[in-house]
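Input: a single structure, listed below in structure tokens.
The values are calculated or read from the model by the stated rules, or taken from the named source; none is laboratory data. These numbers come from a predicted model, not from an experiment. Cβ placement follows ideal geometry from the backbone for every residue including glycine, while neighbour counts extend to all protein chains displayed. Remember, those area values only see protein heavy atoms, side chains included, never the ligands or the DNA or RNA. Shrake-Rupley method; radii C 1.70, N 1.55, O 1.52, S 1.80 Å.
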Amino acid sequence: MTQKQFTELTPEQEASIPLYREKWRAIALSTEPINHEQASAAIKKAYTFIGQQEPQIIFFDSPYLALNYFAERMGGEFGSEIGGQLKSEICSELYRKLTSQIKSELENKIYSKLYNPLYDQIIEQLNNQIHNQLHSLLHSKMIGIFNSFMERQFYHRNKIVSELLACNGSWVDFCISALNLECDLAKWEIMQLLVKNCGWIYPCEKTCFVCDRPRILRFDSQQLLHAEAEPAVQYADGFSVYAHHGIRLPETYGKLHPQQWRSQWLLTEENAEVRRVLIQQIGYTRICQDLQAIELDSWQEYTLLKIDKNLDIEPIYLLKMTCPSTGYLHTLRVPPDVTSAREAIRWVNWGTDPEEFSVQT
């Protein structure tokens, strides 16, 4: 007998999608310390479900401490990695059962309104920024160990990310609670226990590493990681991520307010995205003064400048404009192929020659 598949949502079901999205966003972005007793119970239940003996459970204040601990003790003492088995036998099987009951068009619609918005913020922002910060710190502090550690892919393959489970949990919860689809409730219970009671998990046969949640999370109005002069993400042990509107910053920059950032940093900063943030926040006027921009041409109150240093993908040419009445300086970036101040003015004014408008205001 062919199983009936859902093809469309009722107005009530569609209206409930934001409720499930926000419910699981709150779970994913919780900064409450995990309860070790509840986390242990969740881990033991998951191991038992897939036929594994209960492991020794070691708790860490952050993923950094967990990975540092593991990398320094690599060997067979922890047993083989079973993160893939847990995800396959619990999560993947749960998803397959549910998706078989929904037409692909409807599945895509639900994903676009429920899963995708959570993924964009929680994984593309939070998870990836933490991952990149971990990679940077571990690689710089123990290169030899870390390279071998990465070759085994323990960090990537064996990791169970609670935030990703929450993104998936929102979809599963909607399918079960709002659509009344059939599923293995035992698997769903374990999945909920893991995401609600643990941070990142690194499961091996004999030992399971469980990380706590961040103590601090800060976002801007666009749901991008952001903080000024303080961490955007911080764990109890002090492991932190600094970010400016979604761009991860080195601690040197992040711990200072943007008004304190220095133009000289542009001379050594290799990351193009970070250079862009520095340029935007410091401003071309200050950069011109600090880095001694070269004057190429002038016309009345306008001056064409060039910063003769490798600060961006292409050379930086600027049109400096001085207000005759107030003396206020305004600097605007112009294309690097302009050859005179008047040509730069024409570009700024959409092709209008400066002789055709009054300079004085």
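Looking for whichever is charged (D, E, K, R), in contact with a helix residue (DSSP H, G or I) (Cβ under 9 Å, 6 or more places away or on another chain) and over 30 Å from SER100 (Cα atoms) here; the options are GLU269, GLU182. Which one fits?
Details: GLU182 fails: over 30 Å from SER100 (Cα atoms).
Answer to the selection: GLU269.
Find the residue count for region 19-71, including only residues that are open to solvent by 20 Å² or more (accessible area, probe 1.4 Å) and in a loop (DSSP other than H, G, I, E, B).
11
May I ask you to say which residue of THR285, THR352, THR339 is more than 30 Å from GLY254 (Cβ to Cβ), open to solvent by 40 Å² or more (accessible area, probe 1.4 Å) and modelled with pLDDT under 85? Before the answer, list the steps.
Values: THR285 fails: more than 30 Å from GLY254 (Cβ to Cβ); THR339 fails: modelled with pLDDT under 85.
Going through THR285, THR352, THR339 in turn, the sole match is THR352.
For region 202-313, which fully contained helices (runs of 4 or more DSSP H) count at least 2 residues that are more than 19 Å from the chain's Cα centre (by Cα)?
Numbers: elements: 251-254, 272-282, 284-290.
Hits in region 202-313: 272-282, 284-290.
On the basis of being touching a helix residue (DSSP H, G or I) at 6+ places or on another chain (Cβ under 7 Å) and in contact (Cβ under 8 Å) with a residue 40 or more places away in the chain, does PRO55 make the cut? Step through it out loud before you land on a result.
Details: touching a helix residue (DSSP H, G or I) at 6+ places or on another chain (Cβ under 7 Å): yes; in contact (Cβ under 8 Å) with a residue 40 or more places away in the chain: yes.
Criteria met by PRO55.
Would you mind finding the one in PRO214, PRO231, PRO258 that is under 25 Å from LEU126 (Cα atoms) and in contact with a helix residue (DSSP H, G or I) (Cβ under 6 Å, 6 or more places away or on another chain)?
Sole residue among the options that is under 25 Å from LEU126 (Cα atoms) and in contact with a helix residue (DSSP H, G or I) (Cβ under 6 Å, 6 or more places away or on another chain): PRO258.
A quick yes/no check of all residues on (1) more than 15 Å from ALA26 (Cα to Cα); (2) open to solvent by 40 Å² or more (accessible area, probe 1.4 Å); (3) of a type outside the set (Asp, Glu):
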| site | (1), (2), (3) |
| --- | --- |
| VAL172 | yes, no, yes |
| LEU185 | yes, yes, yes |
| PRO203 | yes, no, yes |
| ASP220 | yes, no, no |
| ALA236 | yes, yes, yes |
| SER240 | yes, no, yes |
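Can you tell me which residue in region 136-159 is farthest from the chain's Cα centre (by Cα), limited to those that are open to solvent by 10 Å² or more (accessible area, probe 1.4 Å) and either modelled with pLDDT of 80 or more or of a type in the set (Ser, Thr, Tyr) (or both)? Give the derivation first.
Filtering region 136-159 down to residues open to solvent by 10 Å² or more (accessible area, probe 1.4 Å) leaves 136-137, 139-145, 147-148, 150-153, 156-157, 159.
This time we only want the ones that are either modelled with pLDDT of 80 or more or of a type in the set (Ser, Thr, Tyr) (or both), so: 136-137, 140, 148, 159.
Values: SER136: 15, LEU137: 17, SER140: 21, SER148: 26, LYS159: 17 Å.
Out of the qualifying residues, it is SER148.
State whether one or more residues within region 1-13 are within 20 Å of PRO117 (Cβ to Cβ) and either touching a Cys at 6+ places or on another chain (Cβ under 9 Å) or open to solvent by less than 60 Å² (accessible area, probe 1.4 Å) (or both).
So far as region 1-13 goes, yes, one or more of its residues are within 20 Å of PRO117 (Cβ to Cβ) and either touching a Cys at 6+ places or on another chain (Cβ under 9 Å) or open to solvent by less than 60 Å² (accessible area, probe 1.4 Å) (or both).
Go through (1) at pLDDT 70 or above; (2) on the phi > 0 side of the Ramachandran plot one by one and return the number of the condition GLY327 breaks.
Failed condition: (1).
Take the residues of region 72-121 that are within 18 Å of PRO55 (Cα to Cα) and small (Gly, Ala, Ser): which is surrounded by the most Cβ atoms within 10 Å (Cβ to Cβ)?
GLY83
Could you check, for region 21-28, whether at least one of its residues is touching a residue at least 60 places away in the same chain (Cβ under 8 Å) and under 21 Å from TYR202 (Cβ atoms)? Steps first, please.
Filtering region 21-28 for residues touching a residue at least 60 places away in the same chain (Cβ under 8 Å) gives 21, 23-25, 27-28.
Still in the running and under 21 Å from TYR202 (Cβ atoms): 27-28.
Within region 21-28 (the criterion being touching a residue at least 60 places away in the same chain (Cβ under 8 Å) and under 21 Å from TYR202 (Cβ atoms)), the answer is yes, since at least one residue qualifies.
Can you pull out every residue in region 174-183 that is open to solvent by 10 Å² or more (accessible area, probe 1.4 Å) and either within 30 Å of the chain's Cα centre (by Cα) or not charged (D, E, K, R) (or both)? Break it down stepwise before answering.
Within region 174-183, the subset open to solvent by 10 Å² or more (accessible area, probe 1.4 Å) is 176-178, 180-183.
Scanning region 174-183 gives ILE176, SER177, ALA178, ASN180, LEU181, CYS183.
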